[in-house]
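Notes for the one structure printed next.
The values are calculated or read from the model by the stated rules, or taken from the named source; none is laboratory data. Keep in mind it's a predicted model, so treat the numbers as computed, not measured. Methodologically, a virtual Cβ is constructed for each residue, glycine included, from the backbone with ideal geometry; neighbour enumeration extends over all protein chains shown. Surface areas here come from the heavy atoms of the whole protein model, side chains and all, with no ligands, DNA or RNA. Shrake-Rupley method; radii C 1.70, N 1.55, O 1.52, S 1.80 Å.
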Amino acid sequence: MSRYDFRTPRVYVEKPLAEGDEIVFGRGQAHYLLNVLRRNRGEAVLLFNGRDGEWRATLGGENRKVLAARVGPRTRAQTPATDLYFLFAPLKHARLDYLVQKAVEMGASRLQPVLTQHTQATRINLERARANVIEAAQQCGVLALPGVAEPVSLSTAVADSQRLLVFCDEDAPVKDPLAALGAAKPGTPLAVLIGPEGGFASEERLLLLKRLNLVRLSLGPRILRADTAAVAALALVQAVLGDWIDEASRNPVTKLSPP
């Protein structure tokens, strides 16, 4: 049986959560629950705030103009985020929305826009990015919401040499990505860097290659768009160094004997 309830709508709230509390929804969330999801008073929702875990609640309210939820038992304890920063050159419009949502689904704990010479968009709508973070978390059962940082230069983004930087590099000498990542220790603080679609400038590559605590990661023989590369890189890192290792140990696969 799944450890998650995917049928009951999940709603992000800012307020602290505890059994017996009443959460009053704003107009936007009330419209979403009543008119988009077609939920009725008396039906269940799941509430989370990124701090207190996930709680089952029942919709209600003093009158028809107010929608609230009475908090019931906690369904899941808060889980800590993987110490995984995702560094990326901003994209335009819908593709940036997709990239942010997928980074949340893949377990990034911090989203850091990075400005490079070939970055497509030099500005990022942080409010829209945070809204995409919440939307992805609501839909995919994520409890720990990553922060979205202000854009910084490449040199600033990679300055912390204590954090292992996984540099997705099409010229990486080691073609086996699992071998490249295997030299690092699981549990180490991580940062995954995806460049712009125009690639890094020569001086930017020099800056990266001089950095200590660096892993150059090849993503294979095909040319990937930046948003596709993000999913591929984060999946590899989580599988070798991230929280997928713990998931595998908690849920070992039963091997069947051949017939």
(request) Report Rg (one decimal) and Dmax (nearest whole number) for the chain, counting Cα atoms only, units Å. (result) 20.8, 66
(request) With the cut-off at 24 Å, report for the range 22-157 the share of all Cα pairs above it, as a whole percent. (result) 41
(message) Leaving out ligands, DNA and RNA, and with a 1.4 Å probe, what % of the accessible surface on the chain is carbon or sulfur?
(response) 53
(request) Grab the DSSP H runs of the chain that are 4 residues or longer, score each as -39,500 (n - 2.57), total them, divide by all residues and round the 222 nm result to the nearest 500 deg cm²/dmol. (result) -8000 deg cm²/dmol
(request) Beta carbons within 10 angstrom, averaged per residue: use that to sort the peptides 111-124, 62-75, highest first. (result) 111-124, 62-75
(message) Can you divide the C-alpha Rg of the range 125-195 by 2.2 N^0.38 Å and report the result to two decimal places?
(response) 1.38
(message) Using the crude model of +1 on Lys and Arg Cβ and -1 on Asp and Glu Cβ, and no other charge, please compute the dipole size for the chain relative to its Cα centre, in debye to 20.
(response) 600
(request) Filter the cross-link list Lys185/Lys210; Lys92/Lys185; Lys15/Lys65 down to pairs whose alpha-carbon distance in this structure exceeds 29 Å. (result) Lys92/Lys185
(message) Counting just the Cα atoms, what span does the range 1-85 cover along each of its three principal axes? Round to the nearest Å and put the largest first.
(response) 43, 27, 26
(request) For Trp55, Trp244, give the ranking by accessible area with the largest first, probe 1.4 Å. (result) Trp244, Trp55
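Please give the contour-minus-distance gain from Ser161 to Glu22: 0.36 nm per residue of separation, less the Cα-Cα distance, rounded to one decimal in nm.
45.5 nm
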(request) Please give every one of the aspartates and glutamates within straight-line cross-link reach of Lys102, meaning a C-alpha to C-alpha distance under 12 Å, and leave out same-chain neighbours fewer than 8 residues apart. (result) Glu135, Asp227
(request) Work out, step by step, the length gained on full extension between Cys140 and Ala94: first 0.36 nm times the residue separation, then minus their alpha carbon distance; give nm to one decimal. (result) 14.6 nm
(request) Please report, in cubic angstrom per residue, the volume enclosed by the convex hull of the alpha-carbon atoms of the range 64-132. (result) 128
(request) With a probe of 1.4 Å, find how much accessible area the chain has per residue, and write the answer as a whole number in Å². (result) 56
(message) Suppose a student asked you for the relative contact order of the range 62-123, using Cα pairs under 8 Å spaced at least 6 residues apart; what percent would you report?
(response) 40
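Report the full-extension gain for the segment Asp83 to Asn63: residue separation times 0.36 nm, less the Cα-Cα distance, to one decimal in nm.
2.8 nm
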(request) List the relative contact order of the chain as a percent without decimals, with contacts defined as Cα pairs under 8 Å and 6+ residues apart. (result) 17
(message) Of Thr156, Thr58, Gly199, which is farthest towards the positive pole of the chain's charge dipole, taken about the Cα centre with +1 and -1 on the beta-carbons of Lys, Arg and Asp, Glu respectively?
(response) Thr58
